[in-house]
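The values are calculated or read from the model by the stated rules, or taken from the named source; none is laboratory data. Note that the structure is a prediction, hence the values are computed from the model and not measured. Methodologically, a virtual Cβ is constructed for each residue, glycine included, from the backbone with ideal geometry; neighbour enumeration extends over all protein chains shown.
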Amino acid sequence: MKLILLGAPGAGKGTQANYIKEKFGIPQISTGDMLRAAIKAGSPLGIAAKKVMDAGNLISDEIIINLVKERIKEADCTNGFLFDGFPRTIPQAQAMKDAGIRIDYVVEIDVADNEIVQRMGGRRVHLASGRTYHEIFNPPKVPGKDDITGEDLVQRPDDAEDTVIKRLSVYHEQTQPLVEYYTAWGKSGDPNAPKIIHIPGIGSVESIRDQVFRALGK
Ligand code: AP5
Ligand code: ZN
């Protein structure tokens with residue numbers, strides 16, 4: 001199973017990715033997590049990426065496309081893979097198509113902007129793994145601690161309210177057109193076109209998980 005999780009910042013891609021990767025035994029390829037790991041490691045990519053990410057802008061297509069191609073080679077993709085936060089521009093999607101990397105499903109999680117601004121305020125993350133919680137909607141077992149390692153949870157620097165608003169506008173301008181891109185590809189009759197699944201992202205984390213599984217035939 002090869003999947004793309006598409007949705008605005010804070011729509012719940014990372015949260016749902018956790019369930020999907022377990023269910024299907026596939027690696028989660030999250031460009032955001034990869035960039036945060038580069039920042040943590042202090043690599044040249046991390047140093048350059050931090051400024052761009054903290055401002056709520058996108059990293060260049062060229063860097064991201066190379067990063068993903070490398071990651072696909074390294075990861076165990078026997079059962080497929082799950083892209084989380086990639087592609088998020090038309091050139092990124094086109095690069096996958098040109099490379100012959102076939103996708104089965106694009107799962108679009110749809111959440112209104114005002115709901116997202118509220119969610120981001122309460123988000124807490126375990127930086128080393130990318131595991132994500134919410135103080136109220138998806139709390140860890142012990143407040144402020146990761147369920148698996150017990151390590152501290154932190155707020156993401158790009159979750160400040162004005163950065164979230166900027167990220168939402170970047171999403172609407174550069175990423176949302178992908179819905180139209182994949183829809184048009186599907187209508188072209190190309191048998192390699194992925195199927196689009198639309199999931200309204202409002203409701204409990206578990207109810208959204210169940211809708212996603214049902215749509216994927218599980
Ligand atoms: P990235 O890490 O991909 O961030 P994003 O797409 O902005 O999405 P988020 O991780 O913020 O949200 P999410 O949808 O995963 O939501 P989550 O599950 O955490 O990218 C960060 C930056 O890296 C970008 O801005 C860019 O600079 C750069 N970058 C990354 N990929 C790139 C690319 N391909 N090209 C160029 N640049 C790239 O949930 C959010 C919160 O809501 C959590 O607290 C969660 O617990 C809670 N929640 C989840 N579901 C529910 C629910 N149903 N009800 C209530 N609360 C919920
Ligand atoms: Zn995420």
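Q94 versus (1) within 15 Å of ligand 2 (Cβ to nearest atom); (2) under 18 Å from I196 (Cα atoms): which is the lone unmet condition?
Condition not satisfied by Q94: (1).
Can you name the residue in the stretch 143-202 that is at pLDDT 95 or above and on the phi > 0 side of the Ramachandran plot and is also surrounded by the fewest Cβ atoms within 10 Å (Cβ to Cβ) among such residues?
For the stretch 143-202, the residue satisfying everything is G150.
Out of (1) among the hydrophobic types (A, V, I, L, M, F, W, C); (2) at pLDDT 95 or above; (3) over 17 Å from A8 (Cβ atoms), what's the single condition that is false for A75?
With (1) among the hydrophobic types (A, V, I, L, M, F, W, C); (2) at pLDDT 95 or above; (3) over 17 Å from A8 (Cβ atoms) applied to A75, the lone miss is (2).
Does P140 qualify as being outside any helix (DSSP H, G or I) and touching an Asp or Glu at 6+ places or on another chain (Cβ under 7 Å)? Please lay out each step first, then the result.
Details: outside any helix (DSSP H, G or I): yes; touching an Asp or Glu at 6+ places or on another chain (Cβ under 7 Å): yes.
Yes.
Kindly establish whether R124 is under 18 Å from the mean Cα position of the chain (by Cα), within 16 Å of R36 (Cβ to Cβ) and either surrounded by 13 or more Cβ atoms within 10 Å (Cβ to Cβ) or modelled with pLDDT of 95 or more (or both). Write out each step before concluding.
Working: under 18 Å from the mean Cα position of the chain (by Cα): yes; within 16 Å of R36 (Cβ to Cβ): yes; either surrounded by 13 or more Cβ atoms within 10 Å (Cβ to Cβ) or modelled with pLDDT of 95 or more (or both): yes.
Here the answer is yes, as R124 does meet what is asked.
Can you give me the number of residues within the stretch 65-106 that are over 27 Å from G25 (Cα atoms) and free of Cβ contacts under 8 Å to residues at least 12 places away in the same chain?
0
Are any of the residues in the stretch 55-64 over 22 Å from V170 (Cβ atoms), surrounded by fewer than 20 Cβ atoms within 10 Å (Cβ to Cβ), touching a residue at least 24 places away in the same chain (Cβ under 8 Å) and not acidic (D, E)?
The answer is no; no qualifying residue exists.
Restricting to the stretch 186-213, what's the tally of residues that are without any contact (Cβ under 8 Å) to a residue 40 or more places away in the chain and more than 20 Å from the chain's Cα centre (by Cα)?
Residues in the stretch 186-213 being without any contact (Cβ under 8 Å) to a residue 40 or more places away in the chain and more than 20 Å from the chain's Cα centre (by Cα): 7 in total.
Can you pull out the residues in the stretch 15-74 that are within 8 Å of ligand 1 (Cβ to nearest atom), more than 30 Å from P139 (Cα to Cα) and not in a helix (DSSP H, G or I)?
Across the stretch 15-74, the qualifying residues are I59, S60.
Going through the stretch 159-217 one residue at a time, which ones are part of a loop (DSSP other than H, G, I, E, B), among the hydrophobic types (A, V, I, L, M, F, W, C) and under 24 Å from I136 (Cβ atoms)? Reasoning before the result, please.
Filtering the stretch 159-217 down to residues part of a loop (DSSP other than H, G, I, E, B) leaves 160, 176, 188-194, 201-204, 216-217.
With among the hydrophobic types (A, V, I, L, M, F, W, C) added as a condition, the list becomes 160, 193, 202, 216.
Once the filter is applied, which keeps residues that are part of a loop (DSSP other than H, G, I, E, B), among the hydrophobic types (A, V, I, L, M, F, W, C) and under 24 Å from I136 (Cβ atoms), the stretch 159-217 yields A160, I202.
Determine, yes or no, whether A11 is within 12 Å of ligand 2 (Cβ to nearest atom) and either crowded, with 16+ Cβ neighbours inside 10 Å or within 20 Å of L67 (Cα to Cα) (or both). Show your work before the answer.
On the way: within 12 Å of ligand 2 (Cβ to nearest atom): yes; either crowded, with 16+ Cβ neighbours inside 10 Å or within 20 Å of L67 (Cα to Cα) (or both): yes.
Yes, satisfied.
Among residues belonging to the stretch 87-100 that are of a type in the set (A, V, I, L, M) and within 14 Å of ligand 1 (Cβ to nearest atom), point out the one that is farthest from the chain's Cα centre (by Cα). Write out each step before concluding.
First, pick out the residues of the stretch 87-100 that are of a type in the set (A, V, I, L, M): 90, 93, 95-96, 99.
Filter once more, keeping what is within 14 Å of ligand 1 (Cβ to nearest atom): 90, 93, 95-96.
Working: I90: 16, A93: 14, A95: 18, M96: 16 Å.
So the residue we want is A95.
For the structure I just gave you, tell me whether F137 is among the aromatic types (F, W, Y) and surrounded by fewer than 17 Cβ atoms within 10 Å (Cβ to Cβ). Lay out the reasoning, then the answer.
Details: among the aromatic types (F, W, Y): yes; surrounded by fewer than 17 Cβ atoms within 10 Å (Cβ to Cβ): yes.
Criteria met by F137.
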